[in-house]
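Visitor: Got a structure for you, written out below as structure tokens; questions coming shortly.
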Amino acid sequence: MQPAENEPAHPLWAKVIDQSRCIGCHACTTACKSENDVPLSVTRTYVKAVEVGTFPQARRAFGVTRCNQCSDAPCTTACPTGAMFRRPDGIVDFDKSICIGCKACMAACPYDAIFINPDDHSAEKCNFCAHRIDAGLEPACVVVCPVEALMVGDLNDPASRVAQIVNREPVTVRRPEKETRPKVFYKGAHQATLDPLAARRPEGGLYAWSTQPGGKAQVGSGHPGRPSSSAAALLAYDVSHKAPWDWRVSLYTLTKGVASGLYLAAYALCIAGTLSWSDPLWLYAAPACALLFLAITGAILISDLEHPERFYLLLTRPQMRSWLARGAFIIAFYGAALAVHLAAGFTGLGIFLHAFAPLAGALAIATAVYTGYLFAQAKARDLWQSPMLVPHLLAQSFMAGSAVLALLALWLAPAAVPSLLWMLAASSCAHLIFAGAEATLVHPTAHAHLALQEMYGKRFGPYAWAGVVLSAVALAAPWIGIAASAAALIALFCYEHAYVQAGQAVPLA
Amino acid sequence: MNGSHGRNERVSAARREVEARGETFYPGASRIHLAAFPPKERWDDWVELDSRSWPERREHRYMLVPTTCFNCESACGLLAYVDRDTLGVRKFEGNPEHPGSRGRNCAKGPATINQVTDPDRILYPLKRAGGRGEDRWTRVSWDEALDDIAARIRRAIVEERENQVMYHVGRPGEDGFTERVLAAWGVDGHNSHTNICSSGGRFGYAAWMGFDRPSPDHANARAILLVSSHLEAGHYFNPHAQRVIEAKANGAKLIVIDTRLSNTATHADYWLPSVPGSEAALLLSIARHLIETGRYDREFVRRWWNWEEYLREEHPQRERSFEVFEETLREIYAPYTFEFAAQESGIPSATLAEVAGVVAAAGTRFSTHTWRSAAAGNLGGWQVSRCLFLLNALLGAVATEGGVYPNAWNKFVPRPIYEPPHPKRWNEMTWPQEYPLAMNEMSFLLPHLLEERGGSLDVYFTRVYNPVWTNPNGFAWIEMLTDPQRIGLHVALTPTWSETAFFADYVLPMGLASERHDVHSYETHDAQWIGFRQPVLRAARERLGEKIRDTRDVNPGEVWEENEFWIELSWRIDPDGSLGIRKFFESKNEPGTKLGIDEYYAHIFDHSVPGLPERAAAQGLTPLQYMRRYGAFEIGRKIGALHEDAVAPSELEDATTDENGRVYTGAPPVRGPNAVPQPSPRAQDGRRAVGVAIGDRVVRGFPTPSGRLEFYSKTLAQWGWRKYAVPAYIESHVHPNHLDEDEMVLISTFRLPTQIHTRSANAKWLDEIAHTNPLWLHPRDAERLHAATGDLLRVTTETGYFVVRAWVTEGIRPGVVACSHHMGRWRLSDTGQRQLSATVRVRSQDRRWTMERTSTVRAYESSDPDTQRIWWNDVGVHQNLTFPVHPDPISGMHCWHQAVKVTKAEEGDVYGDIHVDTASAREVYRRWLSLTRSASAHSPDGTRRPYWMLRPLKPPADAFRLPQEPAEHA
């Protein structure tokens, strides 16, 4: 077939995976490993298997799983440096040399198609073998497939087989509700292979011919309880999936909460008149301590990078749609504001802080709540797509800030302590209301529902419940005194840890 | 070749650019302008972009050198990407010039690179340093090993103990080279794995058409019936899967008979999960339907079946007319109603009726296949392939488009430089008198036969074969291999460690897919092709102008290849030529010197492959250069119905015709270039069988005694098995009638698409995908046992038990359990393959053996950083150890299915535990031996075996005569 005379400047690459032909041989998996030198323990593509039905009306349904080359790719939006990017021809490609290893792309991908390569510590995934396509060759998986179940083609070329199938045959995509507009189309796929929660997770750590990968960060595949398919469906094969973010992200929300809350709590006391505008607590202690916690926050964030030495790329080549990049600037500006505040205090210009504090306070609020947008950008994690998250983070910030400020006040401004304890009680109350609403409202998706089950269930329940109980203890601050501060800080870490981990505990692929 | 294009310039493989340059565009599945492969004109120097440094465009220059996969028997083409700067292999892709695999591969093709770079592979010849099985080794030179082995073999030959030399091969992956080596030595020492693999399947086909394999033309079928799982297993996995799925897309109906939900059954329009062993009954009910409804090809049956012989031999009182035969046929199969088949198979009769309708509607476009599966599982399993082919024979779907061809017509074995005569002395240890009809050597009985008959082997080669692990009753193999009275010298020829190699005296490293020469041809479809396996670095470096002495110069370490090894060994056995051996390994170009590998293959490609010299010349290449460059050659396609070919008048001089219409001629044989093994009816009065008279024509027919398709096997009737002389149903040893109430049937033979027996554990990507073999159990049985997935179960066989985990699945019939056989690899110490094996402690007392795990697979440090990322710690369970031998009394096939008791594990049971009593295994052997009908008691003509049947090495007719004294154990 000759390309049309008036062909567009760029093709629009898409793939069709014809599951009605797929024989589950895994050739695509190993051809991909070979072509792209993919190490053990991670995969760019693999063949999931689900046993559907009951004997003798049963089948083994296969699902070839990989990056969907989304038209609206959440990974490219979330990537703070542009290491994940969409080419004009629709391929979502990546540049490892500028990947800082923040894993925001992994948190964002609703298909769990991205991983950190243990060799080079950078994010990678299927890129349609862009290096082959640009050389005029089909991707390795397409070439190897014994039964021609995989096809690549140009959606702009009506003569291409892929365009014909996509436009004329019943095809489907994975998780269209994520509004990513995938360009990998499935023909003849069973829903139990496309929906990660449709099939039951086997007991005993087994699959039909392999074992379920273990380890702490491992995300179990298949539904551990009540699968979403009412056809009998049992997951028979899947690969390793790891949660991108660990305890450091939970800890970072706490330290960042302290950093922002300290300033906000002190500011609130000043406005309320409980604290003098010239009190050392306001002039020096609160901003200095906030700056310290902000520095700790930065250190935690950098230590969480797979490439900590490249952290500066966040600031030198930011991709400004990314809330990780935006957050870096917010934190930087807030840090600068705190420095200005301190400088003003030390140089006796504290009087001008009346005028400056609203700006610094706004940056503190931004620092406290931007994480809500960052989490929401993790499109994969339904639990985190909550509009309540922003006010909730603000409440947590006040809780953390008042808890730490109370300790400082005990030393520098004992008179302010009772007010701070009441602030701690009020913010703990708000936090518990948000947490309670989160836990009791009906979540709209099976994913969020399962995440919540995991949060309060066997796996993360101890953290979540500790968080709730200790928050209740903090609620009693006016009566139990300063001990509530410790309770509040531990409560917040525990709760956040359960929340962050449970959000990532739901299988996506 | 590409001089005009310059070197080292990156060009596009896309269609327009390629065609503008006048090169070859290889379209892929996408059918767009992207190519599946670089144009072959550029294979010498192809520039590709680095995937790792992407999007930086870093270039690499490759020479693309073809070879053939050495994993399963499909022998798919591979293209090695040889880096022109490092002269290492970067990767393996498919070979678009290969007619069978057409550029595509299964998971094992690309994973070949894992095998090549496996940090645990054997790189140097090793000699045992301690006792056998003590696992202590010292490195020796090839010279030392060769001299030692050669001296022993020479002595055995000189002392006329030549049959104490044995070569035991797994899947050969080559056509006849080593058989000819043995023939040159005069040794009847060929021992194959076939009787634990495909003898059951083969026997049924051989009974019908002489040829022992089918060549189904799936791509053009209207209905496909598989008693197999060939969308995922060898013979011929990838080539067949391509064509089955193609046919399905064109509307063909797929019927799959398999107790277990295979990936093949998944694709079936009709999945018939029948009771194990009932397959023949099920097939006969379909046959009955065709007969009863008259929906068979009357003309085909009349012309091609040996119905006249049947009536004459079995119903001499009846009129010898076709109508009477049809009536008799109806009588024979009347009992096989759908209701009867339903009762036997558990498949509802309505379903059977529907399926029978689909079969009938397919007419001559009906392709069928069985290979191991039921034919390898059951007593009388050979009747499964026979009953399956009966359907083709009824429909006339034999050698038709979309039907089934005899394999030999779709196979081409080019005649080699030398064809030494076959050995003169019969080997009783491989072809014992009790099994005169055995399709192949009674290989898996070797430990029993040596023990029972006081036999011994002086030199025993195991070649890429692992009987300790693969064969039933592996502990008896250890008993044999560690007994110096039985085995004088055991030489393991293998690329990688195996359970058998641990018990060898020499372990000699042989090359993998890209490190050895072989030529082969398989019946993947209605065509004839040859494939060439070659050491790709040798080919590449020679193309770059280097002179290579032998393949060891290019292989890793001192890894060699068998072709050169055998030539060298043969010279050392007969250095002065006095034994008459050396002459078969001498150069013809330079007499008196050693035959080189180039001359050997150049001779074949120059003289024995029609069309190849012309094709090569058109490109300015010699035939050998052509094969080194492209790796495969198609001799012809659409070979057609050769049985209808008229015999040339020149071949009919001095011809006679027997009562069956079989035509014998006195004309000298015509030696064509295709030396594919064929059965050969014994010459009559010095005349050879040349054809068969059908109507008024003399045509080629089939290489059976009657020249026709043998509905009736006079051979079976004459050798003591009259009741099975026509396709019939034999109750399996695991028929429900023979099971105790608490017994279940264990299906132990099924394959996974990503592993291949004992050969693929050295491929990390395959191990990562598949590394365990839990016991498939239906939920109903699980409930009865109070077992859930992952629970430990004890599976007790006749001779022992193993402890395994449960996989509760809807993919298996209630009352049946299944366990894939690839897994449970073990090693005795740190020596061995570490990516998929557990370390075990083996103990024995009074022939009671135990195996316990001391440690399992784990991450380890090696030259490959990936071994530190091994995350699995399960390797499955070695179930075959607990199976006694079950030799089918007719085909000789080991009948794999086991009647077992499945219980919850007992206290103290640990995963992977094995307990076996080899003394009781011997009793089971004796019991099955008693089912046989020995040649000494039943031979109709004083011979050991029907002469016409296939035999890998075929001694002259007088060696077939039974000894005068009846054999002691007959």
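Visitor: Please report the antiparallel percentage of DSSP beta bridges with both residues in the protein assembly as shown, rounded to the nearest 5.
Guide: Approximately 70 percent, going by the DSSP bridge assignments.
Visitor: Work out from phi, with θ = phi - 60° and the Karplus expression 6.51 cos²θ - 1.76 cosθ + 1.60, the ³J(HN,Hα) of each residue of segment B:37-50, listed in order in whole Hz, and give x for Gly and Pro.
Guide: 9, x, x, 5, 5, 10, 5, 5, 8, 9, 9, 10, 8, 6
Visitor: Now for a separate question. Does a label point 7 Å from the Cα of residue B:869, set along Cα-to-beta-carbon, have any residues of segment A:30-53 with amide nitrogen under 13 Å, and which are they?
Guide: A:33-45
Visitor: Sticking with this one: Given 0.36 nm per residue, what is the gain on full extension from residue B:319 to residue B:656 after removing their alpha carbon distance, in nm?
Guide: Answer, rounded to one decimal: 118.8 nm.
Visitor: Tell me the mean residue ellipticity at 222 nm calculated for chain B from its helices only (DSSP H runs of n ≥ 4, each -39500 (n - 2.57), averaged over every residue, nearest 500).
Guide: -7000 deg cm²/dmol
Visitor: Between residue A:354 and residue B:9, what FRET efficiency follows from the Cβ-Cβ distance if R0 is 56 Å, with the result rounded to 0.05?
Guide: The pair residue A:354/residue B:9 has a calculated efficiency of 0.20.
Visitor: Once a ≥ b ≥ c are taken as the square roots of the eigenvalues of the Cα gyration tensor of chain B, is the result rounded (a/c under 1.5), prolate (a/b larger than b/c) or oblate (a/b not larger than b/c)?
Guide: rounded
Visitor: Could I have the simple spin-label model distance between residue B:784 and residue A:231, label points 7 Å from Cα toward Cβ, reported in nm to one decimal?
Guide: For residue B:784 paired with residue A:231, the spin-label model returns 2.9 nm.
Visitor: Quick one: dipole size for segment B:760-811, taken about the Cα centre, charges +1 on Lys/Arg Cβ and -1 on Asp/Glu Cβ, in debye to the nearest 20.
Guide: Charge dipole, segment B:760-811, about its Cα centre: 80 debye, nearest 20.
Visitor: While we're looking at this one, here's another question. Run the helix sum for chain A: -39,500 (n - 2.57) per DSSP H stretch of 4+ residues, divided by residue count, reported at 222 nm to the nearest 500 deg cm²/dmol.
Guide: It comes out at -15000 deg cm²/dmol, rounded to the nearest 500.
Visitor: Post the alpha-carbon centroid distance, segment B:680-694 to segment B:548-602, in whole angstrom.
Guide: Rounded to whole Å, the Cα centres lie 38 Å apart.
Visitor: Counting other C-beta atoms within 10 Å, and keeping those with at most 13, which DSSP coil chymotrypsin sites (Phe, Trp or Tyr not before Pro) do you find in segment A:65-156?
Guide: none
Visitor: How would you classify segment B:115-202 from its alpha-carbon gyration tensor, with a ≥ b ≥ c the square roots of the eigenvalues: rounded for a/c under 1.5, else prolate if a/b is greater than b/c, otherwise oblate?
Guide: Note, shape of segment B:115-202 comes out oblate.
Visitor: Moving on. Assign one of three labels to segment A:314-411, namely rounded, prolate or oblate, based on the Cα gyration tensor with a ≥ b ≥ c the square roots of its eigenvalues; rounded applies when a/c is under 1.5, prolate when it is not and a/b is larger than b/c, and oblate otherwise.
Guide: oblate
Visitor: Once label points are set 7 Å from the Cα along Cα→Cβ at both residue A:376 and residue B:86, what is their separation, rounded to one decimal in nm?
Guide: In this crude label model, residue A:376 to residue B:86 measures out at 4.8 nm.
Visitor: Taking every residue in B:53-61, how many Cβ atoms of other protein chains lie within 10 Å of its Cβ, on average?
Guide: What the average comes to for B:53-61 is 4.
Visitor: In chain A, once you exclude exposed trypsin sites (Lys or Arg not before Pro) (DSSP loop, at most 11 other Cβ within 10 angstrom), what's the longest stretch remaining?
Guide: Result, exposed sites excluded: A:217-457.
Visitor: How charged is the neighbourhood of residue B:487? Take every other residue with its Cβ under 9 Å from the Cβ of residue B:487, and add Lys/Arg as +1 and Asp/Glu as -1.
Guide: Every neighbour counted, the sum reads -1.
Visitor: What does the extension gain come out to for residue B:959 and residue B:331, with contour length at 0.36 nm per residue minus their alpha carbon separation?
Guide: Additional length available on full extension: 221.9 nm.
Visitor: Gain in length, residue B:697 to residue B:587, computed as 0.36 nm per residue apart minus the alpha-carbon separation, to one decimal in nm?
Guide: 35.1 nm
Visitor: Relative to the longest principal axis of chain A, what angle (0 to 90°, nearest 10) does the C-alpha long axis of helix A:286-303 take?
Guide: 20 degrees
Visitor: What does the charge count around residue B:960 come to, taking other residues whose C-beta lies under 10 Å from its C-beta (Lys +1, Arg +1, Asp -1, Glu -1)?
Guide: Result for the neighbourhood of residue B:960: +4.
Visitor: Whole angstrom only: what separates the Cα centroid of segment A:231-306 from the Cα centroid of segment B:154-216?
Guide: 74 Å
Visitor: Which of B:790, B:511, B:476 sits farthest toward the positive end of the charge dipole of chain B, with +1 on the Cβ of Lys and Arg and -1 on the Cβ of Asp and Glu?
Guide: B:511
Visitor: Between residue B:737 and residue B:920, what is the label-point separation in nm under the 7 Å Cα-to-beta-carbon projection?
Guide: It is 2.6 nm.
Visitor: Please give the average number of partner chain Cβ atoms lying within 10 Å of the Cβ of each residue in B:787-798, rounded to a whole number.
Guide: 2
Visitor: Oh, and also: Please give the Cα centre distance for segment A:397-475 versus segment B:710-749, rounded to the nearest Å.
Guide: Their Cα centres are 74 Å away from one another.
Any read-out appearing in this document is the output of simple, stated calculations on the displayed coordinates, not a laboratory observation. This is a predicted model, so every value here is computed, not measured. Using ideal geometry, Cβ is built from the backbone for each residue, glycine included, and neighbour counts are taken over all protein chains shown.
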